[in-house]
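The values are calculated or read from the model by the stated rules, or taken from the named source; none is laboratory data. Remember, predicted model here, so these are calculated numbers, not experimental data. Cβ: placed from backbone, ideal geometry, glycine included. Neighbour counts: every protein chain shown. What goes into the accessible areas is simple: the full protein's heavy atoms, side chains included, and nothing from ligands, DNA or RNA. Shrake-Rupley method; radii C 1.70, N 1.55, O 1.52, S 1.80 Å.
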Amino acid sequence: MTGVAKHTVLKLLKDLGCGCAAYHDAHVRNVRARRVQCDETWSFVYGKQKNVTAEQMAKGAGDVWTWIAVDADTKLVISYLLGDRGASTAHAFMQDMAKRITNRIQLTTDGHRVYSDAVEDCFGADIDYAMLVKIYGASNDAGASNDAESRYSPATCIGCRTGVLSGNPDPEHISTSFVERQNLTMRMGMRRFTRLTNGFSKKLENHGHAVALHYMHYNFCRVHKTLRVTPAMEAGLTDHVWTTEELLGLI
């Protein structure tokens with residue numbers, strides 16, 4: 001497609017990924033947000049957790065979760081982090097997000113239990129925080145559980161319940177819809193996140209570079225259809241739509 005060697009493209013991805021991560025870390029700060037939604041998205045590197053050895057896991061193989069914090073109003077991805085789904089990653093993620101926001105926010109997460117302690121440790125009582133727990137029923141193909149096709153049908157969401165953990169969040173804005181839509185955008189924009197294909201990342205390092213590049217492009221280059229500007233423009237972090245040349249200038 002490009003007329004150059006694959007390793008040349010991978011080196012470009014590495015250099016640009018490092019530049020994007022550094023720019024996000026330095027400039028996506030002092031964000032004034034009102035409503036923030038957080039979620040974590042599964043993917044894997046080299047192989048799924050159950051199929052890799054301890055030696056391969058030590059090199060970064062296995063399940064990798066991408067934690068994302070999205071401003072519901074500007075659609076800005078405030079913070080993202082790659083890691084496992086445990087408490088230590090949740091704390092690191094919340095600490096990073098807390099350092100980037102300058103005011104009191106309303107936060108919504110899913111029901112993943114590690115969020116509660118992480119939010120309390122990083123924000124204390126200075127937050128309006130609620131969990132949105134989705135209740136799932138049987139798979140659409142529950143009656144055909146022996147059929148291989150049943151593996152590809154997600155469980156049906158039959159309801160939701162909310163729980164207020166801190167402050168006084170507005171019930172009308174207890175939602176994770178925007179961050180879940182961002183997860184879909186990520187899966188559609190990066191081949192590495194597409195399910196049931198052989199396009200998955202083979203190295204954790206390259207996986208991280210691709211994620212950094214995606215979120216830099218999403219925040220600064222991609223015009224949001226509803227906002228008609230980029231999320232970074234809406235959040236006041238830049239005054240124009242970045243071009244691809246500007247993005248490449250981060251190398």
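Between the C-alpha center of region 1-41 and that of region 177-251 there is a gap of 7 Å.
Using just the alpha carbons, could you tell me how many Å³ per residue the convex hull of region 190-246 encloses?
Details: hull volume 6.0 nm³, N = 57.
So the per-residue hull volume is 106 Å³.
Out of all DSSP beta bridges with both ends in region 46-146, state the antiparallel percent to the nearest 5.
The antiparallel fraction comes to roughly 60 percent.
For region 236-251, putting each phi into the Karplus relation 6.51 cos²θ - 1.76 cosθ + 1.60 with θ = phi - 60° gives couplings of x, 8, 8, 10, 7, 7, 5, 8, 4, 4, 5, 4, 5, x, 6, 5 Hz, in residue order, rounded to whole numbers and with x for Gly and Pro.
Any idea what diffusion coefficient the chain gets from Stokes-Einstein, in µm²/s, Kirkwood Rh on alpha carbon pairs, 37 °C, 0.692 mPa s?
D, rounded to a whole number, is 168 µm²/s.
Placing +1 on the Cβ of every Lys and Arg and -1 on the Cβ of every Asp and Glu, with nothing else charged, gives the chain a dipole about its Cα centre of roughly 700 debye.
Can you compute the FRET efficiency between residue 57 and residue 198 using 1/(1 + (r/R0)^6), with r the Cβ-Cβ distance and R0 = 22 Å? Round to the nearest 0.05.
Computed FRET efficiency for residue 57 and residue 198 comes out at 0.60.
Local charge sum around residue 17 (other residues, Cβ-Cβ under 13 Å, Lys/Arg +1, Asp/Glu -1)? Its environment carries a net charge of +1. For region 146-251, the Cα gyration tensor yields ellipsoid semi-axes of 30, 26, 13 Å (square root of five times each eigenvalue, largest first, whole Å). Over all distinct Cα-Cα pairs of region 42-83, the Kirkwood formula returns a hydrodynamic radius of 11.6 Å.
Using a cut-off of under 20 Å, list every residue of region 212-226 whose amide N is near the label point 7 Å from the Cα of residue 239 along the Cα-to-beta-carbon line. It comes to 220-223, nothing else. What region 11-146 shows is 46 Å² of accessible area per residue, with the surface traced by a 1.4 Å probe over protein heavy atoms. Amide H contacts for residue 166 (H built 1.01 Å from N in the peptide plane; partners 5 or more residues away or on another chain; cut-off under 5 Å): 129.
Filter 48/203; 11/50; 14/202; 6/203; 6/202 down to the pairs with a C-alpha to C-alpha distance above 23 Å, please. Over 23 Å apart, Cα to Cα: 11/50. Here the accessible area of the chain is 52 percent carbon and sulfur, with a 1.4 angstrom probe and all protein chains present. When DSSP beta bridges are restricted to pairs lying wholly in the chain, around 75% turn out antiparallel. Three principal axis extents describe the C-alpha atoms of region 1-122; from largest down they are 48, 34, 20 Å. Close amide H pairs (under 5 Å, H built 1.01 Å from N) link residue 39 with 68, residues at least 5 positions away or on another chain. Normalising the Debye intensity of region 175-218 to I(0), with uniform scatterers on Cα atoms only, and taking log10 at q = 0.19, 0.20, 0.23, 0.25 Å⁻¹ returns -0.61, -0.67, -0.83, -0.93.
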